[in-house]
């Protein structure tokens with residue numbers, strides 16, 4: 001299974017990745033993609049989109065999906 005992963009803003013800076021294609025089996029949901037990429041549990045404040053639609057950590061994924069992770073939005 002191939003999943004395209006995109007990171008934005010501070011997540012991109014922290015992990016030094018803006019886009020990567022992950023080839024892996026065993027990824028069934030968005031949280032699995034984050035764990036596969038970072039080795040960490042998905043923080044609750046990180047926003048997620050699958051194929052450009054907001055998603056939840058338990059959203060199922062399939063081959064060739066694009067999963068994007070966004071840091072929390074702040075400002076005034």
Which of 4, 16, 56 comes first, and how do the rest follow, when ranked by fewest Cβ neighbours within 10 Å? 16, 56, 4
Relative contact order of the chain, pairs being alpha-carbon contacts under 8 Å that are 6 or more residues apart, as %: 40
Stokes-Einstein diffusion coefficient for the chain at 4 °C in a medium of 1.567 mPa s, Rh from the Kirkwood formula over Cα pairs: what value in µm²/s? 105
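Here, each number is a calculation from the coordinates, and none is a lab measurement. These figures come from a predicted structure and were not determined experimentally. Note that each Cβ is placed from the backbone with ideal geometry, even for glycine, and that neighbours are counted across all protein chains shown.
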